[in-house]
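Report on the following structure.
Read the figures in this text as sums done on the coordinates, not as results from a lab. Predicted model, so just to flag it, every value in this text is computed and none were measured. Cβ placement follows ideal geometry from the backbone for every residue including glycine, while neighbour counts extend to all protein chains displayed.
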Amino acid sequence: MNAVVLIDTLLLLLVTATAVAIIEVRSLYASAILTGIYSLLMALVWVNMHSMDVSFTEAAVGGGISTILLIGTLVHVGREEKPIKKRLHVPALIFTALTGAALIYGTLDMPRFGDPAAPIHHYRVPEMMAQTVGFVNGTPGKQKPPEGFDLDRYRRFDGRVTGPIPDDPKDTAWREKSILQTEGLMVPQVRAAHEPHAEEGHHLHPPDDFNGHVPNSVTSLLAAYRGYDTMFETTVIFTAGISLILLLRRPRREGYLQPGAALSDQVILRVVTKLSIPFILIFGFYVITHGELGPGGGFQGGVVLATAFILYALIFGRAALYRVVPPPVSDILTGVGVLIYSGTGAACMLLGGKFLDYSMLNPAVPGDGESLGMTLVEYGVGLTVSMVMLTIFNQLAEERST
Amino acid sequence: MIHFDVSPPLLALYIPLLGALLISLAGRWPNLRELVTLLTAGALLWVVGGMAPAVLADDFWASFAKAPALKLAEVLPGVWLELKVEPLGMLFALIASSLWILNSIYSIGYMRGNHEKNQTRFYVCFALAIASVIGLAFAGNLFTLFVFYEALTLTTYPLVAHKGSAEAIRSARTYLGILVVTSVCFLLSGIIATYAFTDGDMTFRPGGVFRRALADGSLTAPTLGILFVLYMYGIGKAALMPVHRWLPAAMVAPTPVSALLHAVAVVKAGVFTVLKVIVYVFGPAVLVRYGVGSWLIYVAGATILIASCIALFQDNLKRRLAYSTVSQLSYVIIAAALLSPLSITAAALHIAAHAFGKITLFFAAGSIYTAAHKTEISQLDGIGRRMPFTMGAFTIGALSMIGLPPTAGFVSKWYLLQATWETDAPFVLVVVVLSTLLNAAYFLPIVYRAFFVAEAKHDDAHHSSADGHFGDDGDHHGHHAGDHGEAPWPIVVALSCTALATIAFFFYSDLAIGLANQLRSGLP
Amino acid sequence: MLDAFEIVPNLPVLVVTVPLIGGVLTIVMGRGKGPWAWATLITGLVFYFTVLLMQQVLAAKTGTISYELGNWPRQWGIEYRVDALNAFILLTVAGVGFVTTLYAQKSVEKEIPQDRHNFFYAVWILAICGLLGITVTGDAFNVYVLLEISSLTVYALIAMGKDMNRQALTASLRYLILGSVGASFILLGIGYLMMVTGTLNMEDMHDRLAALPDAVHNRTVLVAFAFLLVGLGMKMALFPLHMWLPKAYTYAPSAVSALLSATATKVGIYMAFRFLFTIFGVGFSFVAMPANVVLSVAACTGILVTGVTAVRQTNLKRMLAYSSVGQLGYIVAGFSLANVNGVAGSVVHIFNHAVMKGGMFMAAGAIMYRLGRCDLRAVRGLGKRMPLTMAAFVAGGLGLVGFPLTAGFISKWYLVQGALEAPHMWPVAAVVLVGSLLAVAYTWRVVEAAYFQEPEGDSALVTEAPLSMVLPMWILIGASVYFGVSATFTGDISMRAAKSLLGGAP
Amino acid sequence: MTGALGIYNYWIYVLLMMIGLYGVIAKPNLIKQAIALGLFQTGIFLYYISMAVVDGGTAPVWTTILDGAQKYEGPYDNPLPHVLILTAIVVSVSVLAVALALIINIKRAYGTIEYDEIEAMDQADKRADYQRGQVTDAADDVEHRQEGHHHA
């Protein structure tokens, strides 16, 4: 039993205990705080499983925003749960047990935890990471490599340039071939058997770094391969923001600009806040920009940016915040983020490529277009996330002051 | 795909539709509205009558096989809404269109005389019902037949529920309920099964559509029998017992509607469909060969006798007429079920003969209601002297129902008896004789009362009519039961015409007999 | 710069991104009629695109159009895949979405506070965008993301009925909880499938499942199947998982009810088609697994139970909502037969029910607009006061009944035929027919009240609904009549879709 | 690690999910339900992330680019589930936000956030709605008809 498993087991025990406590504790306030703790514990679990980006997001979103949301809501709806006579809800317990049993039954035929031979590890993803992007991405005859481009560098990696995909969808022979050629990306021994250049001493570049621009493969998957999903993820956030406005914003005549209570008479707080806000902002931008290189990205950075504004509002009052970012402006900015994202995609399309085909942004230099596109969309995500978080905070705070 | 065309059968379909549109537009001006109704009815008769010579021609069946159907719309891939004229449909269309004119004249008198509300809706639905009947009569395939069969149910529903009283709504519910349940559960299943067995070929043709399926064994005799039952009970409008209950229920409607239901459209559509299914879908020869149709004779015979017995004990005039209709419809069915060429001629003729007689009877009943506000037979003492035309016509209608010369009823009954003789069916003979006696037993006392019993002096009977089943709400209009003469003139004109037609049918029945014979000659 | 851009090759993605961008831009469209006009423009444009797309699909040799987003090969990126089935559903959703948007103006003006129309229409367009996105995609996870967009927007839209009746809030929250659990089950099912197949592309999943040595006895696949079935059942309101639907449709704003009834659950059913037929395949879902028995029993029970419940309602919208659950039962019963006629009937009923029920909800909304309520008592005598609205309602009702020459008849025809063809499935035919009798019962309560009873109180004074409501209502009802008289187009497409679904996914 | 031990991680996710599901069903408090829904979803996230783990793997960031001297050649954990779960986390917080907005509105409209109390009020509303919409029997029907009759 290695350390990972040990820590994992301990953490998961803690997580489970926290979950039970969240459900069973009577005070809703305690429940909300425990939810924050739960999220932080989960963030640790994610780290333990090497999922840095998820961990970062969980800490920011689950530990931060969700808790704020819950506490903000509890102010309006009361802190105590009504006492219930029966502590144990038997039908629910039976239903839950049955569902759980079914799920566990389903796990019995799964590959074991961490098995490198699991389909998910050797079927599509290795190929995806071996994809040479830009001009050799499977569309025959569309783009030729520019002069002087070292095509060999790609060949060296996976032994081939991805060929055209046959039009006949029934022709699956090529798939088998490509599996063989790229199998074992994560298992060096297997790869060596198929990789003629591996033992020649060449430095093996990680394949999906977009010509060196994006070493964080989570980001490259998130913003490039599955960039379309991420666009809608941003839209989900946007939708949540405007849904909150729809549901909670008071009519203008009732004065939605009423200032809330401020803590601005506390000198220390004011000074510390004023000092730290620039750093928070810079950190936020750093997280967004750094997403290509390491953990981080638009979501995490956006949440960090939002905290700067929220902190400002808490200390100096919402009236001050509204002077900096008036609600109509933040309303529009939530949309602007989504527009940046979808606009980038549309621009690629208008330039003659497909939607979100970043290579169109700079066809001359492989990888540059991708990098540019991904940076743009990350900023779009960051903008929407921060503004939506701000809007949510404003709506909940506004509710309190009326 | 939808086709537009104006050949005569389509024109006959479009005229009442157009009429309905114009009537609804003219709704604000009653005189104009009713003029439109009459003009439409006249135009329809003219168009339908114009088609008759072609159907009567000697080489009709030769050209029938070759002529393409008139296509209206492709409802489903391969399933067309299409029309095709043949003798039986021609006969039905002629009856419906000629009686529509008389019925319209009568309606004008009745609706105005009784100050009915929503008269525009009444006339519109009436025209739509006639359009459905025309479509039904000229239907070129089973699918089209079903479409117009259902359309007829729908368009007559507002007529039945016309008064809007709780009772009218309840009765209309029964009417719609029974007709829709039977058609959806049995008729539609039968049609879909037919579609499946014949690979989508549902075109009417003498000899039936099942020959191929029977020949290659995909359709067996028991299945054919089940199909036949589905059809016979699916056609609820034919009022075969026990699905006849909607007919007495529908008596709640204004009398012109009852006349339409009983003489012109609905029940005639029912027996017409039965006949059409037997002749053109199954084919009498097929039914005889596989022996799946004989049960129908007994059910129809039972219906005739039971309905007649029930009629005997009804005091409400319209209700007695309703049960009379149930019994008369089964005459048509029993004739068709004999499955001989002559009996099918008799069936076709009885559709026509019964129409004239029964519409006269209903007109008379409505006339009595309009003039005297009487609905019960026991109130009719001596009314023949106040309303001689009405009761004279009633007498002619009654004679026709019994089947005495010189009325229409005799002609068809004569053919039926001949067919009974020919096919050697003693059961049918017994039924016909017994039912003739019963008919006499429930119609003649009314005539006797009207003409030979003296009128009671202080007649409060109409007050007690409130507890009669179809009694209306007494005299809002200042009528007093004691002093009334004949009904308004349009009513008298209409019922005199139908009574004369009932007699004329006895002397000049060439057209009807010609069409019926043409139908017979087409049978393989 | 725009020389290289062509509309036609990009149609699949335009259908989704145009409403996305358009929806976001709605929030800057001011407070008057601007948002509505913009929404109309966007939905109209999308409808036009779906028509073009339909033409493309019909013209395509293989009958399928594939669009690789971001130009990533479809095995790695996200693929849009359009065949006759989803082109038809896209056309339905976009068409009804457009007409409903036309309709929405007056009713939203009355039911939603003026100062948030821009947000309302933004959410409205995004809801349509989400539904279209689910329909067009060929990627299992993309389905989940778009599903969440459509769900979130729908929760918000339903809750906007709060100013008229507070029950809209509880209806929305109940739907949120059940919907999220359902979506989580779907996510879990996708996860289990991903574990055994290693891919997210639907076609690829199908190939991998087919290549699996013993998929029928693979416990992971079985559990994935079960959880997807339950999750999809919740999303498409399959009896008995429909509890959220009646309340939600009853208390949502009128325009929202019309939109949802015509599109939201239909897209749920489309997902079921994709998962059961395209991913698992007919052989797995209906031969090896008892999905046909489970689904047809659920559907038939649903048809009968909700039919009876609908007859007992006095509120028109609630009645229509129960009727919707029953009509969804027809669709499910149809495809559970797993033969060509059954599946074709199911596909064609998706369209037919969308136009009929959309039109009927619009009529109920028009009554609501004039009278502030839409129950049986309120509609008494309305046949004369609001003739066009009531005629639309009745025409739609006749369609639900399945009278010949209405769209409902076409569906019934295919369904009954399919049920008679399938071995031992004739009870389904009987239930379909009995269900249409129940539809007569609930439709006729309205007919009787509207045409044969006298109005009381305010309803004696009302006039016909404004043209901007009547016209869209009649566009849908007119379509239901037209495609009842001549169903060659819808019938052909459904047949084609059914054959491609049953012929095993390519 | 073989057998049950090999898939224990999957079982813990089931446990977490079921705690959440139990909360959703059993707790009448709406806030509790919303929180429990979050727990339920987190369970699924754990499943996905567990799927991504490879024996001896590390975070899928190609560190070689940053530091050329370091030659780590894998194995890396599978980044795909991470990406999916990033999306799912965002979705779940959005759902939570909308749910809380609804709950605040419910508190405003009903004065409580206990499901059973709200349900009782809703049932009462529904009954009233039903009775208001009911068409009464024929008695007043006839009355109305006669009024109409006289007008005609």
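With the crude spin-label approximation of a point 7 Å out along Cα→Cβ, what separation in nm comes out for C:Ala59 versus C:Val28?
The modelled label-to-label distance comes out at 3.5 nm.
Any number yet on Rg/Rh for the protein assembly as shown, C-alpha, Kirkwood?
Details: Rg = 38.0 Å, Rh = 36.0 Å.
So for the protein assembly as shown, dividing Rg by the Kirkwood Rh gives 1.06.
With unit charges on the beta carbon (Lys/Arg positive, Asp/Glu negative), name the residue among C:Gly44, B:Leu434, A:Ser217 whose Cα is farthest towards the positive pole of the charge dipole of the protein assembly as shown.
B:Leu434
Helix by helix through chain B, keep the DSSP H runs that span 20 Å or more along the axis on Cα and average at least 0.5 on Kyte-Doolittle, and give those back in order. Provide the component values of the computation, followed by the final result.
Working: long enough: B:8-25 (25 Å, 1.98); B:30-56 (39 Å, 1.27); B:87-113 (38 Å, 1.10); B:119-137 (27 Å, 1.53); B:142-160 (27 Å, 1.43); B:166-182 (24 Å, 0.82); B:295-312 (26 Å, 2.18); B:317-337 (30 Å, 0.66); B:341-372 (46 Å, 1.19); B:388-402 (21 Å, 1.41); B:408-423 (23 Å, 0.10); B:426-452 (38 Å, 1.85); B:489-507 (27 Å, 2.02).
Helices meeting the span and hydropathy rule in chain B are B:8-25, B:30-56, B:87-113, B:119-137, B:142-160, B:166-182, B:295-312, B:317-337, B:341-372, B:388-402, B:426-452, B:489-507.
Please express the Cα-Cα pair-distance distribution P(r) of the range A:3-107 as a list of whole percents, one per 5 Å bin, running from 0 to the bin with the greatest distance.
That works out to 2, 12, 15, 17, 18, 18, 12, 5, 1, in percent per bin.
Starting from the Cα of B:Leu21, step 7 Å along the direction of its Cβ; do the same at C:Asp492; then give the gap between the two resulting points in nm.
2.8 nm
Once Rh for chain B is found with the Kirkwood sum over Cα pairs, what is the Stokes-Einstein diffusion coefficient at 20 °C and 1.002 mPa s, in µm²/s? Before the final figure, lay out the partial values.
Values: Rh = 22.9 Å.
Taking Rh from Cα pairs, D becomes 93 µm²/s.
What FRET efficiency comes out for A:Asp265 versus B:Leu32 if R0 is 60 angstrom and r is the Cβ-Cβ distance? Round to the nearest 0.05.
0.10
Can you sort B:Cys309, C:Cys374, C:Cys300 so the residue with the fewest Cβ neighbours within 10 Å comes first?
On the way: B:Cys309 16, C:Cys374 29, C:Cys300 23.
Ranked by crowding around the Cβ, least crowded first: B:Cys309, C:Cys300, C:Cys374.
Assuming R0 = 56 Å, can you tell me the calculated FRET efficiency for the pair A:Glu24 and B:Ile226, based on Cβ-Cβ distance, to the nearest 0.05?
On the way: r = 64 Å, r/R0 = 1.14.
After rounding, the FRET efficiency stands at 0.30.
How high is the relative contact order of chain C? Use alpha-carbon pairs under 8 Å, at least six apart in sequence, and give a whole percent. Spell out each step's value before the answer.
Numbers: 930 pairs, mean separation 77.0, N = 506.
Once divided by the residue count of chain C, the mean separation gives 15 percent.
What is the fewest-to-most order of C:Thr62, B:Thr360 by other Cβ atoms lying within 10 Å of their Cβ? Please report the intermediate quantities before stating the final value.
Details: C:Thr62 13, B:Thr360 33.
If I rank by nearby Cβ atoms, fewest first, I get C:Thr62, B:Thr360.
Length gain on complete extension for the stretch B:His115 to B:Leu437, per 0.36 nm per residue less the alpha carbon to alpha carbon distance? Please list the in-between numbers first.
Values: separation 322, 0.36 × 322 = 115.92 nm, distance 3.93 nm.
Using 0.36 nm per residue and subtracting the Cα-Cα distance, I get 112.0 nm.
What span do the alpha-carbon atoms of chain C cover on each of the three principal axes, reported in whole Å from largest to smallest?
Extents along the principal axes, in whole Å: 71, 62, 41.
To the nearest whole number, what is the average tally of beta carbon atoms from other chains within 10 Å of the beta carbons of peptide C:403-409? Could the numbers behind the result be given before it?
On the way: counts 8, 14, 7, 1, 0, 0, 6.
For peptide C:403-409, the averaged partner shielding equals 5.
If you line up the long axis of helix C:34-59 against the longest principal axis of chain C, both from Cα atoms, how many degrees apart are they, to the nearest 10?
Roughly 40 degrees between the two axes.
Against the longest alpha carbon principal axis of chain C, how many degrees, from 0 to 90 and to the nearest 10, is the axis of helix C:140-159 turned?
10 degrees
If you stretched the chain out fully between C:His217 and C:Lys499, how much longer would it get, using 0.36 nm times the residue separation minus the C-alpha to C-alpha distance? Working shown, then result.
Numbers: separation 282, 0.36 × 282 = 101.52 nm, distance 2.76 nm.
So the chain would gain 98.8 nm between C:His217 and C:Lys499.
Modelled label-to-label distance, B:Asp59 and A:Ile7, 7 Å Cα→beta-carbon offset: nm?
10.2 nm
Taking the Cβ of each residue in A:Lys354, C:Lys33, B:Lys66 as the centre, tally the other Cβ atoms inside 10 Å and list the residues starting with the fewest. The partial results should precede the final answer.
On the way: A:Lys354 23, C:Lys33 13, B:Lys66 6.
If I rank by nearby Cβ atoms, fewest first, I get B:Lys66, C:Lys33, A:Lys354.
Among residues other than A:Leu70 whose Cβ falls under 12 Å from its Cβ, what is the net charge (Lys/Arg +1, Asp/Glu -1)?
Details: positive: A:Arg79, D:Lys32; negative: none.
For residues surrounding A:Leu70, the net value is +2.
What are the ³J(HN,Hα) couplings of the range C:125-139, residue after residue, when phi is run through the Karplus curve with 6.51, -1.76, 1.60 and θ = phi - 60°? Round to Hz, x for glycine and proline.
These are the phi-based 3J(HN,Hα) values: 5, 5, 4, 4, 4, x, 5, 5, x, 4, 6, 8, 7, x, 10 Hz.
Give me the Debye-computed log₁₀ of I(q)/I(0) at q = 0.12, 0.16 Å⁻¹ for the range B:177-332, equal point scatterers on Cα only, no solvent, two decimals.
The calculated log intensity ratios at q = 0.12, 0.16 Å⁻¹ are -0.53, -0.87.
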